[in-house]
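Working notes for the structure below.
The values are calculated or read from the model by the stated rules, or taken from the named source; none is laboratory data. Source: prediction; values computed, not measured. As a convention, Cβ positions derive from the backbone with ideal geometry for all residues, glycine included, and neighbour counts pool all protein chains shown.
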Amino acid sequence: MAKDYYEILGLKKGASDAEIRAAYKRLAKKYHPDISKEKNAEEKFKEIQEAYSVLSDPQKRQAYDSFGHGFEGFKGFRGFGEGFSDFSGFSSPFDLEDLFDMFTGGGFSDIFSTRFRKRSTPERGSDIRVNLSVSFEEAAFGVEKEIRVKRTIKCPVCSGKGYAGESDVGVCSYCHGSGMVSKTRRTMLGLFQTTTTCPNCHGSGKVIKNPCPKCRGRGLLEEEKKIKVKIPAGINTGNFLRLKGQGNAGEHGGSAGDIYVVVFVEPHEIFKRDNSDVYVEVPISFSEAALGSEIEAPTLYGMAKLKIPAGTQSGTIFRLKGKGIPHLNATGKGDEFVKVIVQTPQKLSKKERELLKQLRNEEAFHKKRKSFFEKFQERLRKKFR
């Protein structure tokens, strides 16, 4: 009984071209006779090839899906058995680089790029990120803070070399001083030689016979250090400071990385911020709003006088020019915006109650409201007549 091509590749009917290609690559690598340890590897490999040669071809696949294995007798079908006989007639579903990646364990470009790789080149040290919280006022006016960081530094005893003198270094016995090692692998295309960095000396061609007693040959040490940081006035959440060259030390004489101090501004109890502008809400009484008054409003610079015109409505916003936050790395300041909220008293003394009753009797507002409702009711009557 003929085997199902989809079943051979471990797929269901209707699988996409990408799924068919991926399944073939995976199974071909697993059952290739030159590298597989499976007993039936050669037979299985041929089945995989046959299944893929049909399912990867749109016309063959359509015929197979319609007529099963009987489609082979149709005109135009080229049977299995071609493509893998020699390199010139090779018909693979992937390119040469895929083959190297599959059967040599690395990309085609890796075989040649490692041959010319520089050995023991200086490497820049990694950067360090430090999160720093500051208060609202500290962000507004600037402050000096102290941070604590853990970082790597060059060993002071050996100056980062890992050894004291040249007599403490010898030739690597693994690569004989070349820094590179060659390996020969057998693939379906023949024998291929790859040259890679020596894993013993990491490409330097040398090994340390007498390592530095302080850093044990690494050339680097761990330290914890306190660093003072100047926070400029006007800084905001998300801004960062760069401390150049104060990060982790580089290997093989490479430069040190940087420290990035990322600032987070803590919220204030009464003030809110929008870039360099400051917002605050101030409560006022009904009499102050109705008659007008002069009140004191809080600012970052102390209390400031604010004139409230008569008839001020709740929610009115007043501007205090130049009472905001200094512009970051620039001259000038933002403004402060004061929103007044008219508060209705919840507890009244006997005298206050009597005065408010007198005021209510004198007010014309309730008469205007009554007139408004009368007009509204008249409109409704006209509408439904």
Original post:
Would you pick out the residues in segment 333-384 that are surrounded by 10 or more Cβ atoms within 10 Å (Cβ to Cβ), in a loop (DSSP other than H, G, I, E, B) and at pLDDT 85 or above?
Top reply: Gly334, Asp335, Gln343
**OP:** Go through segment 255-306 and give me each residue that's surrounded by fewer than 16 Cβ atoms within 10 Å (Cβ to Cβ), within 30 Å of Arg148 (Cα to Cα) and not charged (D, E, K, R).
**Re:** Ser255, Tyr260, Val262, Phe264, Pro267, Asn275
Original post:
Of everything in segment 4-16 that's charged (D, E, K, R) and within 16 Å of Ala63 (Cα to Cα), which residue is surrounded by the fewest Cβ atoms within 10 Å (Cβ to Cβ)?
Top reply: Lys13
Original post:
What is the number of the single condition among (1) closer than 26 Å to Val340 by Cα; (2) in contact with a helix residue (DSSP H, G or I) (Cβ under 9 Å, 6 or more places away or on another chain); (3) of a type outside the set (A, V, I, L, M) that Thr237 does not meet?
Top reply: (1)
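For every residue, the table says whether it meets (1) acidic (Asp, Glu); (2) in contact with a His (Cβ under 7 Å, 6 or more places away or on another chain); (3) over 30 Å from Val143 (Cβ atoms); (4) touching a residue at least 40 places away in the same chain (Cβ under 8 Å).
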| residue | (1), (2), (3), (4) |
| --- | --- |
| Glu166 | yes, no, yes, no |
| Gln193 | no, no, yes, no |
| Thr197 | no, no, yes, yes |
| Asn200 | no, no, yes, no |
| Lys209 | no, no, yes, yes |
| Cys215 | no, no, yes, yes |
| Leu221 | no, no, yes, yes |
| Glu224 | yes, no, no, yes |
Original post:
Which of the residues spanning segment 24-45 are touching a residue at least 24 places away in the same chain (Cβ under 8 Å) and not acidic (Asp, Glu)?
Top reply: Tyr24, Lys25, Ala28, Lys29, His32, Ile35
Original post:
Of all the helices (runs of 4 or more DSSP H) wholly in segment 90-200, which have at least 1 residues that are at pLDDT below 85?
Top reply: 96-103, 108-113
Original post:
Restricting the first residue to segment 339-350 and requiring it to be more than 12 Å from Ser285 (Cβ to Cβ), which pairs with a second residue that is of a type in the set (D, E, K, R) meet a Cβ separation below 9 Å and a spacing of at least six or different chains?
Top reply: Lys339/Glu281
**OP:** Would you check which residues across segment 36-57 are within 20 Å of Arg185 (Cα to Cα) and surrounded by fewer than 16 Cβ atoms within 10 Å (Cβ to Cβ) and list them?
**Re:** Lys37, Glu38, Glu42
